[in-house]
Amino acid sequence: MSKRSVFLLLLASVLLSSCRARFGHTTAEVLISAMNTEEKKSLLFLEDGRTAALERMGIPSVTVAEPEEIPGAEMLLRTWDTDLAYQAGTIICSASSMEKTTCVRCPVLMTEDPEYSGMMTAATGRGIRDCGYGLILGPETPDLENVIAQVEPWAVVADNGIPLIDGYDGPVFVTGFLSDTISGPVLDMCVAKVLAFIERSLDKPVPSIDDSVMNITSYRKSLLEKGMVLLKNNGMIPLKTAGQRIALYGSESYGLFDESLAKAGFRLEPSVVSYYSRHSVTERQAYQLRADAIASNSAVIVFSDSLDAKDMKLVDDVCAAFHSKSRMVAVVLATGGPVNTEGWEGKPDAIVYSGIADSDVASVVSNVFKGTVTASGRLSGTWSSSYPFGHGLGAYL
C-alpha cells in the first residue's frame, strides 16, 4: 500500500471518529454505517444544482443557486478592478433565483491569463460570501488552489470523478461519474464531509439582501469609466472643448455619439452632419474632406464592427486630409470584440476601444475626449495581429 493510501485511511478514521454532524438525533457516523455503497456514492454528486436526497435516512436535498452570468462581465474584465468584481458578487446576490437557498456556485471570469482570471473570480466570490451565502466552486474555476485559499468555500465541485483535491480538506462533489477507486474508509470520509455540508446549509438561514445597498447604477457607471481602453494616444486626448469643432464620421456615429459629444460641449461640423443625415451612398471626396479639416479642429470616426475595405479607406482618406491641415484624427471602436487594425492602426492619432455602444457608453467616450474621464482600462486578452475573418490587434495591450 502506498504512503498516500495509508495517509488517506488514517485521515478517514480520524475524521469519522470526530464527526458529530447530526440529522435529528443521529450522528453522521451512524448514518454512514447504515448506508449501502450506492447510497454513499449518490451523496457525492451535484447535479442540476442539487445534492442527492436519501429519504429513508432523513437526508434532504440542498439547492445550490447557479447565477447565469456576472453583470457586465466583458467590460468588468477590462477594468482589472477587484473592488468592482467584489461589487458584482454582491449584485449577483440580489437575484430572485437565490431567495430560497443558502449556497451559491461562484460564476467565473475567464480570460487567457489564469492568474488574472482567478483574482477576479475570487473577488466576485468574496462579494457573494460576504452577503452571507455559502460559496461553491466549480471545476471551471481558474487558478483553483489560490481561489480556494481566498474565499474559503463551503464545497468544491470536481469533474474528474475523484472527490479529493490536494491541499483542500472540505467537501468535494463530482459530476458525470465517480471513480471506482473511491471506496472503504476513503468513501466514508468523503460522505462525512458532504453530510457536514448539508447540515451546515440547512442550519444557516437564507440571507436577507437589501437591494438598496447594491447600487447598480454606481456599479455600471464605474464599469463604463474604468473599462474604457485607450489603445493609442499621440497627444490628441483630451481635447479642449472651448470652441472645439469635431468632424464626426461613420454612420454608427449618429444617434449616439453626435448627441453625447454635443452634450459634452463639442460642436459638430455641419457639412459632415448633413452628409450623414442624407444617408448618402456617395463617398465623401478628397476635396470635401480637406474642406472639413479646414472648418474643424479634429476628426472622430466611429465603427461598430470589424473594419472592411471601405472602412479602412475612410480612415486613410480622413487621416490624409486632416493631417495635411495639421489636424488630428481619433478612431472609436464601439465593438463587442477584437478588431482588425492591420494596415491602418498607425494612421490615426488616437484609438479608443469602448465595447458595444449605447447612450451611456457614448457619453463616457465623449467625456474621455473632454478629459473628465480617464480611459484607464486594459484589454483582458491578446488581440492577434492577424485574423483571417477580420479580427485582431497585436500592437496595443
Highest-first arrangement of 167-177, 150-160, where packing means the average Cβ count within 10 Å: 150-160, 167-177
Cα gyration tensor shape for the stretch 43-155, rounded if a/c is under 1.5, else prolate or oblate: prolate
Rounded if a/c under 1.5, otherwise prolate or oblate - the stretch 171-230, Cα gyration tensor axes: oblate
Dipole magnitude of the stretch 228-370, debye to nearest 20 (Cβ charges: Lys/Arg +1, Asp/Glu -1, about Cα centre): 620 debye
Highest average packing first - 291-304, 270-283, Cβ atoms within 10 Å: 291-304, 270-283
Measure of compaction for the chain (Cα Rg per 2.2 N^0.38 Å): 1.32
Long-range Cα-Cα pairs in the stretch 207-281 (distance over 21 Å), rounded percent: 50 percent
Expected-Rg normalisation [2.2 N^0.38 Å, Cα atoms] applied to the stretch 259-362: 1.05
Top of Ser380, Ser183, Ser260 by mean-square fluctuation, Gaussian network on the chain, Cα under 10 Å: Ser183
Extended-chain gain in nm, criterion 0.36 nm per residue less alpha-carbon gap, Ser277 and Asn215: 18.5 nm
Taking only Cα atoms of the stretch 158-283, radius of gyration then Dmax in Å: 29.7, 82
Selected from Thr217, Thr241, Thr121 as most flexible by GNM, with the chain as the system and alpha-carbon contacts under 10 Å: Thr217
Residue among Val108, Pro163, Ala286 farthest towards the positive dipole end of the chain, charges placed on Cβ: Ala286
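Run the numbers for Glu74 and Ile162: contour at 0.36 nm per residue of separation, minus the present Cα-Cα distance, in nm.
28.4 nm
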Length-normalised contact order for the stretch 228-370 - Cα pairs under 8 Å, 6+ apart - percent: 35 percent
Semi-axes of the equivalent ellipsoid for the stretch 288-348, Cα gyration tensor, largest first, Å: 22, 11, 9
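With +1 assigned to the C-beta of every Lys and Arg and -1 to the C-beta of every Asp and Glu, and no other charges, what is the dipole magnitude of the chain about the Cα centre in debye, to the nearest 20? All intermediate terms of the calculation are to be shown ahead of the outcome.
Working: 34 positive and 47 negative charges, 209 e Å.
It works out to roughly 1000 debye.
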Semi-axis lengths, Å, the stretch 101-241, gyration tensor of Cα atoms, sqrt of 5 times eigenvalues: 39, 21, 9
Sequence ranges 125-134, 353-362, ranked by mean other-Cβ count within 10 angstrom, highest first: 125-134, 353-362
Mean ellipticity per residue at 222 nm, deg cm²/dmol - from DSSP H runs of n ≥ 4 across the chain, formula -39500 (n - 2.57): -12000 deg cm²/dmol
Karplus-derived 3J(HN,Hα), 6.51/-1.76/1.60, for each residue of the stretch 168-185, Hz, glycine and proline x: 10, 9, x, x, 10, 9, 10, 10, x, 8, 10, 4, 5, 6, 8, 7, x, x
Net lengthening on full extension, Lys310/Ser33 (0.36 nm per residue, minus Cα-Cα): 92.3 nm
Highest-MSF residue in the chain out of Leu76, Leu248, Leu314 [GNM, Cα springs under 10 Å]: Leu314
Rough spin-label spacing in nm, given labels placed 7 Å along Cα→Cβ, for Ser359 and Thr372: 1.6 nm
The stretch 215-285 - charge dipole about Cα centre, Lys and Arg +1 at Cβ, Asp and Glu -1, debye rounded to 20: 240 debye
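Bear in mind that the values in this text are calculations on the coordinates, not laboratory data. The shown structure was predicted, so the numbers you read here are calculated from the model rather than taken from an experiment. Note that each Cβ is placed from the backbone with ideal geometry, even for glycine, and that neighbours are counted across all protein chains shown.
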